[in-house]
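The values are calculated or read from the model by the stated rules, or taken from the named source; none is laboratory data. Remember, predicted model here, so these are calculated numbers, not experimental data. As a convention, Cβ positions derive from the backbone with ideal geometry for all residues, glycine included, and neighbour counts pool all protein chains shown. Only protein heavy atoms, including side chains, enter the accessible area calculation; ligands, DNA and RNA are left aside. Shrake-Rupley method; radii C 1.70, N 1.55, O 1.52, S 1.80 Å.
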Amino acid sequence: MNIASLLFRPLYWFAGRIFSTWARPAVQPEKPAELLSDPGVPVCYVLETGGLADTLALERVCRLHGLPLPTESLSFSGIREGARVIILRRMSGFVFRRPRSQGSRRLRRIVNAASGADNNELLLIPVAIYWGRSRSKESSWLKMLFAENWDVAGRTRKLFLTLLQGRNTLLRFSEPLPLQSVIHSGLPAEIGYRKVSRILRVHFRQRRIATVGPDLSHRRTLTNAILQNRNVQRIIAQEAGEKGEKVEAKTREARKYTREIAAHISYPTVRVLERVLGWVWNRIYDGIILNHVERLHEVAKDREIVYVPCHRSHFDYLLLSYILIQEGLSLPHVAAGINLNIPVVGPLLRRAGAFFLRRSFRGNRLYATVFNAYLHEILIHGHSIEYFVEGGRSRTGRLLTPKAGMLAMTINSYLQDPRRPIVFIPVYFGYEKLIEGGAFINELGGSEKRSESLFGLIRSIKSLRENFGKVYVNVGEPIEVESVIEQVKPNWRQATENGDERPPWVNEVIDKLGDHIMSGINSAAAVTPISLLAMVLLSTPKQAIGVLELHRQLQMYLDLLARFRYSPSITLPEWSPDQIVKHGVELGVISIAEHPLGDVVNMSEHDAVLMTYFRNNVLHLFSIPASIACCFIQGREIEHSELQRLVRLIYPFMKNELRLQWSYADIDDVTTEAIESLIDLDILQRVRRKKILVRPPAGSAKAYQLLMLGQSMVSMLQRFYLVIALLVNNGSGSLSRPTLEKLCQQSAQRLSMIYGLHSPDFFDRALFQNFIAELREQKVLRRNSAGLLEFDDDITQIGEDARLVLGEEIRHSILSLTFADAAETFEE
């Protein structure tokens with residue numbers, strides 16, 4: 001032992017004692033010892049840059065989790081090392097620190113020994129250490145300035161990092177790399193060393209991208225890369241012609257577009273916003289419930305991620321970005337509408353990762369090309385992206401039809417450079433109250449949408465005094481882009497080798513991908529206590545029900561969802577019906593009126609209108625059982641095969657409106673599964689050789705539960721019936737599509753006024769548009785040369801089937817809106 005070692009050991013011990021009292025590193029995974037399947041195999045840790053602070057942090061974590069210590073000696077294949085830690089990029093220089101040109105000497109000695117060994121195994125465990133990137137909340141503004149980024153920290157900066165971020169540090173252990181899996185027999189030691197070094201360098205870079213985000217130090221080069229993009233150059237040349245001054249003007253215009261679009265991520269700004277948002281969430285929400293987040297950590301290792309959440313609120317992208325930071329994942333670039341680029345707010349969002357796009361690119365080829373080039377650049381440089389395929393926020397609680405724009409640009413970018421796989425991550429947001437709820441209802445009622453402004457933001461601050469319950473964030477199953485492309489075009493790599501034109505089959509890929517995303521979001525739905533209360537109370541005539549009946553219905557819904565499992569990713573509240581009711585009272589969405597014969601739960605008319613939003617969030621989960629229940633509203637018994645036929649008849653339209661996951665070919669089996677679930681709950685019974693299904697006796701509690709379940713789907717079927725009635729009354733070839741949509745909306749508004757249907761989406765024009773479009777898709781409707789809608793007499797059969805579901809009073813009211821001719825057609 002030399003003099004340097006004798007002097008170093010007490011200093012190291014003293015530094016370790018100080019460090020252990022100050023630093024509290026967070027660890028991922030939570031139990032790193034589980035990574036070692038065979039304790040008898042020697043291990044050696046690999047750090048990216050090393051240093052005293054990194055080694056002390058690693059040693060502390062190893063002690064806490066019973067792992068071999070990095071300062072222990074390592075004996076392997078005839079060599080003995082003084083420590084079992086490898087520094088991949090050692091630094092040189094006392095004042096000005098820079099990476100050494102040569103690699104790790106210890107790694108070289110270990111690889112040389114392994115090359116000559118007789119299959120002796122050694123596990124290399126990469127450990128990434130990020131100062132200022134743990135899940136703990138930040139409490140110091142100064143600490144936010146000294147957090148992990150892509151700069152190599154010198155001694156002074158590392159000292160500040162240790163002092164300020166010691167309690168906010170993340171240690172991420174990766175899967176061990178068996179050395180013999182790389183150093184196979186016959187491979188020269190030098191080549192083996194370079195191979196192992198390259199694998200580790202790539203691994204640490206990918207880990208840093210996933211945790212911190214790609215290197216932003218060359219942002220200026222991004223603008224130049226976009227301007228040099230061949231497509232951008234081609235459009236500039238085409239629009240400028242041969243005049244040199246016009247080329248310069250168009251280049252300046254393209255540069256201006258780039259600045260208008262591009263994000264300008266600032267880590268200090270992100271850390272300040274993280275603290276502000278943490279305060280906001282704690283003030284207005286009772287908690288953020290995150291489910292299936294392990295899916296993110298898995299795909300972030302080696303894939304480009306495109307987050308595609310549902311769009312319920314302006315808080316969506318702030319929530320997701322906040323969660324990703326808390327989870328130690330890189331901040332995504334978020335597509336935001338240009339309407340949000342307002343004073344104060346716009347610059348903040350831009351520094352937090354937002355890039356802005358106009359609502360329409362039509363008529364501006366240069367802008368569209370610049371935007372495409374920008375999206376391509378951030379994708380190929382490893383940035384994760386987030387955008388809303390619905391385009392705008394849903395005003396009804398249902399998912400909107402996916403827009404093709406951003407999906408098309410993402411697919412085009414991948415086809416240009418498919419080296420790194422892209423995966424789409426659906427994300428479901430489940431709110432219990434919405435800040436924008438009142439505005440949504442006004443807009444559905446006919447009011448104009450308010451444009452975003454700074455004054456509007458200031459006005460909304462008063463909402464911070466309210467309680468908005470919990471927020472549920474569920475991560476859906478990842479969708480691999482390549483697998484979707486393979487379904488449409490198995491030999492797509494050969495088909496895209498030549499030419500810049502987009503192949504025609506890409507449109508089918510975009511449509512299929514949009515459907516997969518919408519289905520993936522719905523398959524990760526969170527059933528909230530408020531959505532269950534909405535399901536029950538909105539099925540009653542006056543939004544009132546006895547407490548006992550409410551408890552029974554809530555329990556039946558929970559049992560039904562547990563049996564008829566829409567998807568393994570669906571989450572249910574682990575609450576009793578009594579807890580759900582108390583929660584609804586606390587949030588002010590229901591009230592309880594005492595009565596000697598039993599208390600009654602009420603929902604005000606205003607709250608009932610708002611609650612339709614939260615019922616629609618989960619209506620797709622009940623759609624098939626509720627459709628079956630609808631068939632027993634007007635009749636006591638029905639054959640199993642007839643039930644299948646009726647569900648099969650309306651399924652294409654339900655699938656389109658509710659974005660259901662099942663194919664048409666599978667719907668008979670799904671219907672049977674739902675029937676069996678209802679039988680298990682004693683809500684239906686089989687008789688006569690099990691071919692006939694019978695509802696419980698009238699007036700029984702079970703019959704009431706079946707009726708309540710069926711009522712949740714009645715309004716949708718009423719809208720379907722209304723469209724058919726208007727078509728039949730006016731005759732084939734009499735109405736254009738816009739005229740029919742307007743007639744449908746006006747008729748639905750009148751019905752809502754007469755019968756008090758507390759659902760503004762009942763007369764939402766977009767729902768009628770989608771239904772009419774699906775009628776055309778199913779070949780029920782066709783457009784003639786004059787642009788008018790034509791149909792065959794088979795359409796009247798739907799009126800006959802409506803008798804099983806819709807009451808006589810509502811059928812006659814719908815028919816009365818379409819004059820006597822329609823009544824005669826349907827009622828003969």
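Entry remark, the stretch 279-320: residues being buried (at least 17 other Cβ atoms within 10 Å of the Cβ) and among the small types (Gly, Ala, Ser) number 2 in total. Scanning the stretch 386-408 for residues that are assigned to a helix (DSSP H, G or I) and open to solvent by 20 Å² or more (accessible area, probe 1.4 Å), we see that the one that is modelled with the highest pLDDT is Met406. On the stretch given as the stretch 576-598, residues that are surrounded by 15 or more Cβ atoms within 10 Å (Cβ to Cβ) and either β-branched (Val, Ile, Thr) or in a loop (DSSP other than H, G, I, E, B) (or both) total 6. Among the residues of the stretch 598-616, is there at least one that is in contact (Cβ under 8 Å) with a residue 40 or more places away in the chain and touching a Cys at 6+ places or on another chain (Cβ under 9 Å)? Among the residues of the stretch 598-616, not one is in contact (Cβ under 8 Å) with a residue 40 or more places away in the chain and touching a Cys at 6+ places or on another chain (Cβ under 9 Å), which makes the answer no.
Residue count for the stretch 190-201 under the criterion of being free of Cβ contacts under 8 Å to residues at least 60 places away in the same chain and over 16 Å from Ile125 (Cβ atoms): the result is 5. Filtering the stretch 64-71 for residues that are assigned to a helix (DSSP H, G or I), modelled with pLDDT of 70 or more, surrounded by fewer than 20 Cβ atoms within 10 Å (Cβ to Cβ) and among the small types (Gly, Ala, Ser) leaves an empty set.
When we screen Arg615, Arg565 for residues that are surrounded by fewer than 16 Cβ atoms within 10 Å (Cβ to Cβ) and outside any strand (DSSP E or B), the only hit is Arg565.
Inspection of the stretch 329-336 identifies no residue that is in contact with a strand residue (DSSP E or B) (Cβ under 9 Å, 6 or more places away or on another chain) and surrounded by fewer than 17 Cβ atoms within 10 Å (Cβ to Cβ). Do we find that Met708 is among the aliphatic types (A, V, I, L, M), farther than 25 Å from Asp793 by Cα and open to solvent by less than 20 Å² (accessible area, probe 1.4 Å) in this structure? Yes; evaluated as a whole, the condition is true for this residue. Filtered by the rule that a residue be open to solvent by 10 Å² or more (accessible area, probe 1.4 Å) and in contact with a Gly (Cβ under 9 Å, 6 or more places away or on another chain), the stretch 520-548 gives Gly520, Ser523, Ser539, Pro541, Lys542, Gly546, Val547, Leu548.
Scanning the stretch 250-267 for residues that are part of a helix (DSSP H, G or I) and surrounded by 14 or more Cβ atoms within 10 Å (Cβ to Cβ) yields a count of 10.
Looking at Gln644, Gln634, just one residue is open to solvent by 10 Å² or more (accessible area, probe 1.4 Å), of a type in the set (S, T, N, Q) and assigned to a loop (DSSP other than H, G, I, E, B), and that residue is Gln634.
Note on the stretch 20-51: among residues that are open to solvent by 30 Å² or more (accessible area, probe 1.4 Å) and either among the aromatic types (Phe, Trp, Tyr) or touching a Phe, Trp or Tyr at 6+ places or on another chain (Cβ under 8 Å) (or both), the one that is farthest from Arg106 (Cα to Cα) is Trp22.
When the test is whether a residue is farther than 30 Å from Ile435 by Cα and modelled with pLDDT under 80, Thr258 does not pass it. Applying the set (1) under 23 Å from Leu649 (Cβ atoms); (2) open to solvent by less than 50 Å² (accessible area, probe 1.4 Å) to Ser752 leaves exactly one unmet item: (1).
With respect to the conditions (1) without any contact (Cβ under 8 Å) to a residue 40 or more places away in the chain; (2) within 28 Å of Ile209 (Cβ to Cβ); (3) open to solvent by 20 Å² or more (accessible area, probe 1.4 Å), Asp417 lacks only one, and its number is (1).
Yes or no, residue by residue, for (1) touching an Asp or Glu at 6+ places or on another chain (Cβ under 7 Å); (2) closer than 20 Å to Phe204 by Cα:
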position: Val41; (1), (2): yes, no
position: Gly66; (1), (2): no, no
position: Ser73; (1), (2): yes, no
position: Ile86; (1), (2): no, yes
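A single entry from Tyr664, Tyr704 fulfils the requirement of being among the aromatic types (Phe, Trp, Tyr) and free of Cβ contacts under 8 Å to residues at least 60 places away in the same chain: Tyr664.
I'd like the residue in the stretch 369-380 that is open to solvent by less than 20 Å² (accessible area, probe 1.4 Å) and aliphatic (A, V, I, L, M) and, out of all such residues, is farthest from Tyr307 (Cα to Cα). Going through the qualifying residues, I end up with Val370. Here His383 fulfils each of the conditions (1) touching a Pro at 6+ places or on another chain (Cβ under 7 Å); (2) open to solvent by 10 Å² or more (accessible area, probe 1.4 Å); (3) not in a loop (DSSP other than H, G, I, E, B) apart from (3). Where strands (runs of 3 or more DSSP E) fall wholly inside the stretch 280-353, the ranges with 1 or more residues that are more than 14 Å from Ile385 (Cβ to Cβ) are 287-291, 333-337.
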